[in-house]
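Asks: Below is the structure I would like to discuss, written out as structure tokens.
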Amino acid sequence: MGKVVFITGATSGFGRAAARKFASEGWALVITGRREERLKELAEELCESVPVHYQTLDVRSKEDVDSLVKSLPESFKKITCLVNNAGLALSPNPAQTVDIQDWHTMIDTNVTGLVNVTHALLPTLIEVGKGASIINVGSIAGQWPYPGSHVYGATKAFVKQFSYNLRCDLLGTGVRVTDLAPGIAETEFTLVRTKGDQAASDALYANTQALTAEDIADTMFYLATLPAHMCVNRLEVMPTAQAWNPFAIYRES
Ligand code: NDP
Ligand code: 8X3
């Protein structure tokens with residue numbers, strides 16, 4: 001069997017597009033996510049061309065992550081690329097109005113989930129060594145503050161720093177680590193963030209050209225197939241139609 005990519009959050013958006021991209025290039029897939037029906041559909045679509053192993057997984061559970069990794073079929077055990085993609089934003093309203101549970105859900109998924117999967121797969125990635133990659137999906141929100149980003153942006157800042165710190169510890173192993181930080185991209189992300197408000201999601205992506213899931217999947221594949229001596233530490237990708245705003249200034253009327 002050729003190279004194996006392990007993707008979290010493969011039921012939608014970037015993760016699903018990444019599964020299709022890596023499969024189109026002949027990589028075997030381990031695809032995970034919570035929605036079994038979607039995983040099954042994707043596996044059925046792609047298993048004609050490449051070996052696919054799918055398994056439901058909530059990355060927040062360390063026990064489930066560890067047991068999935070331990071029980072991988074022999075031919076899927078050697079992981080060349082980990083795409084740590086599962087994640088979400090919730091409550092794009094001011095911090096002072098947010099339900100604390102939403103903060104915990106973002107921390108549990110974007111931080112705890114990502115470290116659970118990384119910890120479980122580090123031994124196999126190190127065994128593969130030269131040419132192996134960890135692609136951590138961060139965000140522009142991990143670098144740039146904006147209203148309503150509160151804990152979401154902070155979890156993505158964690159992803160950035162964790163990625164840099166991993167690089168230090170993995171020096172000499174051959175394993176690369178990238179913080180891939182996209183800007184606005186049209187997926188189910190805003191539907192999740194607004195708890196199902198399709199109109200709000202449509203409005204955000206209206207009359208502009210956001211990134212597509214395929215843009216990010218292509219970028220992931222590019223990172224995973226760079227020459228083994230090259231590592232992109234952080235890659236921030238925005239659509240051309242997105243840029244920064246001036247600082248906000250509060251004025252008393
Ligand atoms: P989607 O909502 O389309 O996809 C999110 C994926 O994460 C789904 O497959 C979902 O699967 C999975 N997921 C969520 N929670 C868990 C969990 N607890 N355990 C396992 N899987 C989980 O959004 P995107 O594709 O846009 O998001 C992918 C990543 O990209 C996220 O980390 C997001 O923060 C980041 N990002 C998104 C941007 C955007 O504008 N779209 C920009 C920058 C970064 P399921 O529900 O089946 O478990
Ligand atoms: C998602 C992109 O711009 O909503 O991480 O923060 S943004």
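Asks: Where in segment 112-142 does the amide nitrogen come within less than 15 Å of the point 7 Å from the Cα of MET1, taken along Cα to Cβ?
Replies: In segment 112-142, the label zone of MET1 (backbone N under 15 Å from the point 7 Å along Cα→Cβ) covers 124-125, 128.
Asks: Spelling out what I want: for every residue of segment 80-88, take phi, set θ = phi - 60°, compute 6.51 cos²θ - 1.76 cosθ + 1.60 (Karplus), and round to whole Hz; glycine and proline get x.
Replies: Going residue by residue, I get 8, 9, 9, 9, 7, 10, 3, x, 6 Hz, with x marking Gly and Pro.
Asks: Further question: List every residue whose amide H lies under 5 Å from the amide H of LYS3, counting only residues 5 or more places away in sequence or on a different chain, with H placed 1.01 Å from N in the peptide plane.
Replies: Amide H to amide H, under 5 Å and 5 or more residues apart or across chains, LYS3 pairs with ALA28.
Asks: A further question on this structure: How high is the FRET efficiency between SER67 and TYR250 when r is their beta carbon distance and R₀ equals 45 Å, given to the nearest 0.05? Let's see the in-between values first.
Replies: Working: r = 51 Å, r/R0 = 1.13.
My answer for the efficiency is 0.35.
Asks: What is the sum of charges around LEU211, taking Lys and Arg as +1, Asp and Glu as -1, for the other residues whose C-beta is under 11 Å from the C-beta of LEU211? Walk me through the numbers before you get to the answer.
Replies: Numbers: positive: none; negative: GLU186, GLU214, ASP215, ASP218.
Combined, the nearby Lys, Arg, Asp and Glu give -4.
Asks: Continuing with this model, one more query. Explain nothing, just compute: Karplus ³J(HN,Hα) = 6.51 cos²θ - 1.76 cosθ + 1.60, θ = phi - 60°, for every residue of segment 239-250 in order, whole Hz, x for Gly and Pro.
Replies: Residue by residue, segment 239-250 yields x, 4, 7, 10, 7, 7, 9, x, 4, 7, 10, 7 Hz.
Asks: Relative contact order of segment 44-169: what whole-number percent is it, with Cα pairs under 8 angstrom and at least 6 residues apart?
Replies: Numbers: 151 pairs, mean separation 36.6, N = 126.
Rounded, it is 29 percent for segment 44-169.
Asks: Additional query: For segment 168-184, what does the Karplus curve 6.51 cos²θ - 1.76 cosθ + 1.60, with θ = phi - 60°, yield as ³J(HN,Hα) per residue in whole Hz, taken in order and with x for Gly and Pro?
Replies: Listing the rounded values in order: 4, 6, 8, 3, x, 8, x, 7, 9, 9, 10, 8, 8, 10, x, x, 4 Hz.
Asks: Okay, which of segment 144-165 sit inside 18 Å, backbone N to the point 7 Å along the Cα-Cβ direction of ALA203?
Replies: Within reach of a label on ALA203: 147-149.
Asks: With angles folded into 0 to 90 degrees, how steeply does helix 36-46 sit against the dominant principal axis of the chain? Use alpha carbons for both and round to 10.
Replies: Taking the Cα atoms of the chain, the angle to 36-46 is about 60 degrees.
Asks: Lysine pairs, Cα distance under 19 Å, 8 or more residues apart or cross-chain: how many in segment 4-237? Walk me through the numbers on the way to the answer.
Replies: Details: LYS21/LYS40; LYS62/LYS70; LYS62/LYS77; LYS70/LYS78; LYS77/LYS130; LYS78/LYS130.
Close lysine pairs under the 19 Å cut-off: 6.
Asks: So what are the radius of gyration and Dmax for the Cα set of segment 101-249, in Å?
Replies: Just the Cα atoms of segment 101-249 yield Rg and Dmax of 16.5, 52 Å.
Asks: With each pseudo-label sitting 7 Å past Cα toward Cβ, what's the ARG35-ASN165 distance in nm, one decimal?
Replies: Those two pseudo-labels are separated by 3.3 nm.
Asks: How far, in degrees from 0 to 90, does helix 213-224 lean away from the longest principal axis of the Cα atoms of the chain, to the nearest 10?
Replies: 50
Asks: Right, something else. No solvent, one uniform scatterer per C-alpha: report log10 I(q)/I(0) for the chain via the Debye equation at q = 0.08, 0.17 1/Å, two decimals.
Replies: For the chain, the Cα-only Debye profile gives -0.30, -1.37.
Asks: Now for a separate question. Over all Cα pairs of segment 68-139, how is the pair count split among 10 Å bins, expressed in % and running from 0 up to the last occupied bin?
Replies: Result returned by the calculation: 18, 40, 24, 13, 5.
Asks: For VAL237, which sequence-distant residues (separation of 5 or more, or a different chain) have an amide H within less than 5 Å of its own amide H, given hydrogens modelled in the peptide plane?
Replies: Close amide H contacts, sequence-distant or interchain: ALA181, GLY183.
Asks: Using the Cα centre of the chain as the reference point, and only Cβ charges (+1 on K/R, -1 on D/E), how large is the resulting charge dipole? Debye, rounded to the nearest 20.
Replies: Magnitude of the dipole: close to 640 debye.
Asks: At 222 nm, what value in deg cm²/dmol follows for the chain if DSSP H runs of at least 4 each add -39500 (n - 2.57) and the sum is divided by all its residues, to the nearest 500? Show your work: numbers first, answer last.
Replies: On the way: 9 runs with 100 residues, N = 253.
Counting only the DSSP helices, I get -12000 deg cm²/dmol.
Asks: How far is it, in nm, from the label point at MET230 to the one at GLN96 when both lie 7 Å from their Cα along the line to the Cβ?
Replies: Result: 4.9 nm between the two label points.
Asks: Only Cα pairs under 8 Å and at least 6 apart count here; give the relative contact order of segment 4-237 as a rounded whole percent. Let's see the in-between values first.
Replies: Details: 462 pairs, mean separation 49.8, N = 234.
Once normalised by length, the contact order is 21 percent.
Every number in this text was worked out from the coordinates using simple rules, so none of it is lab data. The structure displayed is predicted, hence computed values, not measured ones. Glycine gets a Cβ as well: all are built from the backbone with ideal geometry, and neighbour counts include every protein chain shown.
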